[in-house]
Each structure stands twice: as C-alpha cells, then as structure tokens.
1. Being at pLDDT below 95, closer than 24 Å to residue 133 by Cβ and buried (at least 17 other Cβ atoms within 10 Å of the Cβ) narrows it down to one of 314, 302, so name that one.
2. Report yes if residue 128 is over 20 Å from residue 238 (Cα atoms), in a loop (DSSP other than H, G, I, E, B) and touching a residue at least 60 places away in the same chain (Cβ under 8 Å), otherwise no.
3. Among the residues of region 195-224, write down those that are over 17 Å from residue 96 (Cα atoms) and open to solvent by less than 50 Å² (accessible area, probe 1.4 Å).
4. Would you tally the residues in region 235-261 being of a type outside the set (S, T, N, Q) and either without any contact (Cβ under 8 Å) to a residue 12 or more places away in the chain or open to solvent by 10 Å² or more (accessible area, probe 1.4 Å) (or both)?
5. Exactly one of (1) in contact with a helix residue (DSSP H, G or I) (Cβ under 7 Å, 6 or more places away or on another chain); (2) surrounded by fewer than 17 Cβ atoms within 10 Å (Cβ to Cβ) is unmet by residue 405. Its number?
6. When residues of region 311-345 are filtered for being aliphatic (A, V, I, L, M), under 26 Å from residue 418 (Cβ atoms) and in a helix (DSSP H, G or I), how many remain?
7. I need the full set of residues from region 134-158 which are surrounded by fewer than 18 Cβ atoms within 10 Å (Cβ to Cβ), in contact with a Lys or Arg (Cβ under 8 Å, 6 or more places away or on another chain) and part of a helix (DSSP H, G or I), in order please.
8. Which condition does residue 168 not pass, out of (1) more than 15 Å from residue 239 (Cα to Cα); (2) outside any helix (DSSP H, G or I); (3) open to solvent by less than 10 Å² (accessible area, probe 1.4 Å), if it passes all the others?
Amino acid sequence: MTLIRVVSSVLLLVLMQSGALCARRFRGGRNPQPRRSPPPPTYRADRGDTTESFPLDFTAVEENMDNFMTQVKNLAQSLYPCSAQKLDYDMRLNFLENTSVTCNDGSPAGYYLKESRGSRRWLIFLEGGWYCFNKENCDSRYETMRRLMSSSKWPQTKTGTGILSPLPEENPHWWNANMVFVPYCSSDVWSGATAKTDQSGYAFMGSLIIQEVVKDLLKKGLENAKVLLLAGSSAGGTGVLLNVDRVAELLEGLGHTAIQVRGLSDSGWFLDNKQYHCTDCVDTTSCAPTETIKRGIKYWGGMVPERCKQAHEGEEWNCFFGYRVFPSIKSPVFVVQWLFDEAQLTVDNIQLTGQPVQEGQWRYIQNLGTELRNTLKDVPAMFAPACLSHEVITRNYWIDVQVKGTSLPRALHCWDRSLHDNRNNKAPPKGCPVHLIDSCPWPHCNPTCPTIRDQFTGQEMNVIQFLMHMGFDVQKMAQQQGMDPSKLLGMLSSGS
C-alpha cells in the first residue's frame with residue numbers, strides 16, 4: 001500500500017504540473033510566447049524524429065491496478081493536448097535480421113513494433129488468415145491474397161486497434177505495453193519450419209518466424225521484460241497454442257528465466273467435428289478440418305509441441321485442435337472463443353448466406369455451441385460469449401462484449417492479477433472472474449454480441465430479426481425452454 005500511495009502522490013504532482021503547463025501554453029491565445037530553455041522531451045533513441053514519449057511502468061503495482069489505471073488515464077488525457085507534437089501511435093516495420101527465415105515466396109519476414117520505453121510488458125500478436133495445404137490452392141492464394149504470402153507490399157507503418165491500441169479508452173490495461181504485430185505470411189498456422197523447395201514452390205516457416213522475432217526483440221528491450229504475452233487471432237490463435245511453450249523454452253535457453261511467458265488465443269480453438277455435409281477436399285473452406293490439417297502438416301513440415309507430439313505419436317495433426325493440445329501446454333493461456341464461430345461453421349459446411357436455415361442446420365448450430373462448451377469447461381481462464389462471429393481482441397468493440405457482466409479486458413486484467421497473486425502466494429482477488437462462458441443456447445442470445453448485418457441489404461438486425469432470419473421457431477424454442485412463447489419473445493426483445 002505504501003508503494004501505491006507514493007505512485008498516487010507522484011501522479012497527482014505530475015497532473016498538477018501538466019495542468020499548469022497547459023495553462024501557460026494556451027493562456028496567450030493562438031501564438032503564446034515560447035518559454036526560455038525548455039526541458040528537452042524524451043525522444044526515441046532509435047530514430048531521428050521528435051516524438052515525445054511518456055514512459056510509465058505500472059508492472060510493480062499490478063495488485064492494485066484499478067486505482068492506478070484511473071490515475072494513468074487521467075494523466076494521459078491531460079498530457080495529450082499539451083504535447084508539442086502529434087504523439088506517434090504507429091507500429092513500424094522491421095525485417096528479421098536472419099534473412100534465411102522468409103515468407104512463402106522467399107521475401108523477408110518481419111514484424112511491426114511500437115516501443116514503450118518505460119514498460120516491462122510486451123505483447124506479440126500473431127495475425128490470422130486461413131492457410132493453404134497443397135501447390136494448387138497455395139498458387140490460388142498467392143494470386144488472390146498475396147499479402148498473406150509475401151512482404152513485398154507491406155506498408156511501413158501499422159496502427160494498432162483493440163488490445164494493440166495505445167489509447168487507454170480502447171485498451172484499458174495493455175495500452176502502455178511494447179506492441180508487436182507479426183504479419184502472417186507463412187500460410188501454415190504458424191507451424192512450419194521448411195525452406196522453399198522446387199517441389200513445393202514455397203517456404204513454410206511460421207514457427208521459425210516467431211522464434212526469430214523474439215530473438216530480434218531481445219536486442220530492443222525484451223531482455224528486460226517482466227511479462228511477454230503471445231497473442232493471436234484465428235490461425236494466429238492456433239499459432240499461440242502451438243508456440244507459446246516453445247517461446248518460453250527459447251527464452252529460458254538463452255538465460256532469460258525471469259520473463260513470464262503467457263498466451264492469449266482468440267478464435268483459434270477449432271473442433272475436429274463431423275461436417276454438416278461432407279464434401280470433397282478441394283480448398284480450405286470445403287475440406288473437413290481434420291483432412292485439411294493432415295494434408296497441411298505434411299506439406300508444411302509442421303511442428304507441434306513436444307509433449308503433445310508424444311501424446312499423439314503418428315497422429316500429430318491432433319495438436320492443431322485446442323482441446324487436444326491444451327492439456328500438454330505448460331505456460332498459462334487465456335482462451336477467447338465465440339461459441340458459434342463463423343470460421344468453424346464455414347468449414348463445417350453451414351453456409352449462412354441470407355436464406356433461413358433448415359431445422360437440421362439449426363440443430364447442428366446449437367449442438368456446436370454445446371460441444372464447444374464441453375471442450376472449454378476445464379480451461380481455467382477463458383471468455384466464451386454465445387455470439388456468431390470470428391475474432392475479437394483487435395476489434396475496436398472488444399471492450400463492449402460481456403459475459404455475465406464482465407468485459408473481456410476486465411477478465412484479462414483479472415487473469416493478470418491472479419497470476420501475479422499466485423506467484424506471490426496470495427489468495428486470488430475476489431469479484432474478479434476469469435472463467436466466463438455463456439449458458440444461453442442459441443447464437444446472439446447475449447445482448448452484448450457484435451452487431452449483425454443482413455448480408456444482402458447491409459441493414460443491422462436485432463436479436464429477434466436475426467433469429468427469425470435464421471429460421472428460429474418461437475413456439476418450438478419456448479416449448480424446449482418450458483416457457484410461454486410471448487414471455488420468450490419479451491425476453492429476447494429486452495435483451496435478457
């Protein structure tokens with residue numbers, strides 16, 4: 001508590017000083033007189049620009065983060081209009097020092113970085129974007145989605161959103177971390193370790209790219225980190241499950257044993273279930289999930305965690321499915337998963353193309369939610385809303401979705417606190433849940449789900465419109481729930 005009081009006092013003093021500075025700076029109207037011999041701003045050492053930096057490290061006060069964050073937000077808001085120049089919020093492109101580790105087409109792999117000099121927390125985000133599993137569909141992918149296979153046209157800067165945002169109002173607990181965005185250009189669910197060959201025509205080096213990114217970042221301040229959060233969405237979310245322990249082992253092997261490695265897997269918890277309609281394995285969307293991975297792991301030279309490999313010897317493809325690989329993972333991992341994931345429904349051949357779904361499809365969709373709940377029940381830290389969507393942690397609405405009254409940023413903050421308390425032999429914080437899963441049985445029964453739009457008209461749909469659009473039978477559903485149909489409609493209308 002003494003530390004918190006000290007920090008609070010310092011922040012209050014800074015706020016008072018910054019307020020006085022603002023008053024002096026703006027009192028003179030449009031052209032206030034410059035002060036003599038102003039103190040030099042803190043500049044980024046690696047570039048010649050003049051972007052002001054206000055490093056703040058709140059790692060040491062994690063156990064009382066709520067009060068601290070309130071003051072930090074106020075500080076950030078008070079400093080922003082006073083900064084002499086526009087704050088640099090962009091992440092900047094860096095190519096890997098090891099040029100032998102490449103994208104699919106042999107172009108250099110890399111990452112985007114926004115440093116936060118005073119922070120000892122690092123967030124490395126793995127981009128998603130499906131995959132390809134043979135020469136034919138990789139050639140097609142190269143023609144239609146080249147940025148996911150080549151770095152030749154990557155922009156020099158990238159602006160972070162969601163958990164990568166530097167704005168406290170959009171990213172309340174991670175805004176001040178060192179942000180790293182790793183573009184997906186290996187098409188292998190971040191698993192490959194194979195150089196380009198004449199036979200395949202492409203390199204598949206996703207797992208090696210992650211390793212090289214970490215090595216490069218050690219020279220840019222990661223060596224002093226306290227926490228490294230490896231996060232990812234979709235294929236990147238699965239990539240987290242496949243690589244989080246490997247990253248921890250890499251850092252340990254290089255002597256950085258004090259860095260706490262954690263994982264955040266968003267929309268990467270796929271099921272190896274039976275498709276609604278079985279079809280020929282032609283491309284990534286028509287092929288059954290198990291068949292895709294069986295073919296892909298051979299084509300990519302895919303690597304899986306050693307402990308999972310031992311558990312599924314000869315059938316290593318099992319390790320690409322969350323509920324099968326999770327028991328073998330040593331590092332703490334937080335799982336974020338929509339119960340009705342659009343990508344899962346796509347590979348299961350449920351096509352929501354604007355036509356009301358048939359009764360068999362409706363049952364399949366409901367059963368999918370049930371199956372996902374069952375696979376997640378033993379995951380200690382998770383957030384699973386009953387929504388029809390895909391990916392969330394880099395969306396600007398990620399702070400709005402709630403499960404049982406708790407938002408995703410709040411749940412992640414509670415998880416941070418619980419890990420901190422466990423390391424210090426403290427009881428977990430009360431009123432701070434980390435295992436959150438919706439219990440309602442159909443898509444978008446959670447009123448905080450993202451907005452759904454009609455695919456043909458573009459019009460927003462409320463819950464009732466969406467369910468009717470899906471072929472929802474009010475009478476039958478009310479009977480299943482043991483209630484009067486009018487009561488059910490009233491609950492849906494009110495967002496209950």
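1. Numbers: 314 fails: buried (at least 17 other Cβ atoms within 10 Å of the Cβ).
Testing whether each residue is at pLDDT below 95, closer than 24 Å to residue 133 by Cβ and buried (at least 17 other Cβ atoms within 10 Å of the Cβ) leaves just 302.
2. Judged against the criteria, residue 128 is not a match.
3. Once the filter is applied, which keeps residues that are over 17 Å from residue 96 (Cα atoms) and open to solvent by less than 50 Å² (accessible area, probe 1.4 Å), region 195-224 yields 200, 201, 202.
4. Matching residues across region 235-261 total 13.
5. If we test residue 405 against (1) in contact with a helix residue (DSSP H, G or I) (Cβ under 7 Å, 6 or more places away or on another chain); (2) surrounded by fewer than 17 Cβ atoms within 10 Å (Cβ to Cβ), just (1) comes out false.
6. Residues of region 311-345 aliphatic (A, V, I, L, M): 311, 325, 329, 333, 335-336, 339, 343, 345.
Right, trim to under 26 Å from residue 418 (Cβ atoms) and you get 325, 329, 333, 335-336, 339.
In the following step, the residues that additionally are in a helix (DSSP H, G or I) were identified as 325.
So the answer is 1.
7. Matches in region 134-158: 146, 147.
8. (3)
The values are calculated or read from the model by the stated rules, or taken from the named source; none is laboratory data. Please read these numbers as outputs of a predicted model, since none were measured by experiment. So basically every Cβ, Gly included, is an ideal-geometry build from the backbone, and we count neighbours across all protein chains shown. Each accessible area value is taken on the protein alone, full model and side chains, heavy atoms only, with ligands, DNA and RNA left out. Shrake-Rupley method; radii C 1.70, N 1.55, O 1.52, S 1.80 Å.
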